1. What is the residue count in the stretch 32-69 for residues that are part of a helix (DSSP H, G or I) and at pLDDT 85 or above?
2. What's the number of the condition Val164 fails, among (1) modelled with pLDDT under 85; (2) out of contact with any Lys or Arg (no Cβ under 8 Å at 6 or more places or on another chain); (3) part of a loop (DSSP other than H, G, I, E, B)?
3. Would you be able to say whether some residue in the stretch 109-130 is in a loop (DSSP other than H, G, I, E, B), open to solvent by less than 30 Å² (accessible area, probe 1.4 Å) and at pLDDT 90 or above?
4. What number goes with the only condition from (1) open to solvent by 70 Å² or more (accessible area, probe 1.4 Å); (2) among the acidic types (Asp, Glu); (3) modelled with pLDDT under 85; (4) more than 20 Å from Ile178 (Cβ to Cβ) that Asp134 does not pass?
5. Taking the residues in the stretch 75-90 that are open to solvent by less than 80 Å² (accessible area, probe 1.4 Å) and part of a strand (DSSP E or B) as candidates, determine which candidate is modelled with the lowest pLDDT.
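The values are calculated or read from the model by the stated rules, or taken from the named source; none is laboratory data. Source: prediction; values computed, not measured. Here the Cβ positions follow ideal geometry from the backbone for every residue, glycine too, while neighbour counts run over all protein chains shown. These accessible areas exclude ligands, DNA and RNA; they are computed on the full protein's heavy atoms, side chains included. Shrake-Rupley method; radii C 1.70, N 1.55, O 1.52, S 1.80 Å.
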Amino acid sequence: MFPFIKKVKYLYLKVAIKKIMSLGKSMLKIIVLVIVVLLLFILVSPILIIAEDTTEGTPGVDMAASFSVPKGFEWVYPGSSYNANGETLHNIHFIDPENPYGAARDIISYTYHYTPHIIVSVNDEAAKDIFGYDLVDNIRANDAYNGYPGNGNAQGTMSRGDAVGTAMLMGNFNPLEIPLHVLMGNIKFFIV
């Protein structure tokens with residue numbers, strides 16, 4: 001009788017393992033499909049990545065970049081990006097509080113003549129954890145404008161994009177923080 005029970009347990013485990021493997025293969029196929037679709041999106045239309053300062057009363061876009069497979073990263077300056085009414089990317093939450101990312105899409109389309117369909121919003125907390133807590137200080141140290149008009153303490157000589165790029169390279173990049181901040185809502189994805 002005991003050999004019969006062992007055989008039933010073995011068969012049960014064998015069936016369970018097959019089901020798990022089948023489920024794993026299905027999940028892998030879904031993940032690959034999502035990655036392929038995302039890459040196709042990027043080939044057709046760049047992704048807009050925006051750095052939002054959520055410490056302000058109404059968040060503002062402090063810096064942005066577009067990413068596409070053919071061109072890589074290109075800096076987008078919020079103060080120089082505007083719509084037909086002259087409203088800037090920095091103020092998207094004032095322009096359209098109900099649909100700020102639609103306003104961002106329209107501004108990028110008007111200024112740069114491409115339409116991002118995916119927008120990734122990264123707040124200060126996520127940026128600091130991913131690139132290091134001194135990220136903002138490093139940007140301000142290198143930025144000739146220093147974020148404040150007429151600031152006599154601005155020692156930097158770089159454009160805002162170069163200052164951000166340099167600060168990101170100087171920081172301790174920690175990619176393990178990305179999924180954590182996605183789950184916490186500090187990095188958000190919008191399809192517009």
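1. Keep residues of the stretch 32-69 that are part of a helix (DSSP H, G or I), which gives 32-44.
Among the residues that remain, those that are also at pLDDT 85 or above are: 32-33, 36.
Matching residues across the stretch 32-69 total 3.
2. (3)
3. Kept after step one, since they are in a loop (DSSP other than H, G, I, E, B), are these residues of the stretch 109-130: 113-117.
Filter once more, so that each one left must be open to solvent by less than 30 Å² (accessible area, probe 1.4 Å): 116.
Now drop any that are not at pLDDT 90 or above, which leaves 116.
Looking for residues that are in a loop (DSSP other than H, G, I, E, B), open to solvent by less than 30 Å² (accessible area, probe 1.4 Å) and at pLDDT 90 or above, one finds at least one in the stretch 109-130, hence yes.
4. Asp134 satisfies every listed condition except (4).
5. Taking the stretch 75-90 as the starting set, the residues that turn out to be open to solvent by less than 80 Å² (accessible area, probe 1.4 Å) are 76-81, 83-84, 86-90.
Checking the rest, the ones that are also part of a strand (DSSP E or B) come to 76, 88.
Details: Val76: 87, Thr88: 90.
Among those residues, the one meeting the criterion is Val76.
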